[in-house]
Ligand SMILES: [Zn+2]
């Protein structure tokens, strides 16, 4: 059994929580590939996506594991003919991976996410990086003064979800 926190989301930026029924319906009504992230809490631990095979048929690809965090040997993936087969294969892989996941592994992934999100927000808000300033100091979009050396600490302290 999967933990109760396990759920399937659409693209993360949509925060779209969909049930199995909707997922199936969307596939049938939509010829475009579908891609789903699978989250355990706030960590994306895998995904299932539909792609067109060379013969035009739909193939379901699944992957289990996350990077950074998991070793290469802990990341698995495969193909399946149906969504349900892909989900079953993912579940089996997840049952193997789950006991190996430590809080430090989750943190590694969350830090990378926070770091990436922070960089994009800095660009989007046209904030300068400390390296772009003659004083070596700049302001984060939140208003805090930052230096190059102090960026990681600031990002993890102020801009990490559920920190
Ligand atoms: Zn900030």
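The values are calculated or read from the model by the stated rules, or taken from the named source; none is laboratory data. What you are looking at is a predicted structure, and each value in this text was computed from that prediction instead of being measured. In this analysis, Cβ positions are derived from the backbone assuming ideal geometry, glycine residues included, and neighbour counts consider all displayed protein chains.
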Flagged pairs (Cβ under 9 angstrom, 6 or more apart or on separate chains; first in region 87-100, free of Cβ contacts under 8 Å to residues at least 40 places away in the same chain; second surrounded by 13 or more Cβ atoms within 10 Å (Cβ to Cβ) and assigned to a helix (DSSP H, G or I)) are 96/74; 100/74
Region 46-86 - residue that is in contact with a strand residue (DSSP E or B) (Cβ under 6 Å, 6 or more places away or on another chain) and in contact (Cβ under 8 Å) with a residue 40 or more places away in the chain and, of those, nearest to residue 111 (Cα to Cα)
66
Can you name the helices (runs of 4 or more DSSP H) wholly within region 61-163 that have at least 2 residues being within 16 Å of the ligand (Cβ to nearest atom), under 30 Å from residue 51 (Cα atoms) and modelled with pLDDT under 95?
103-124
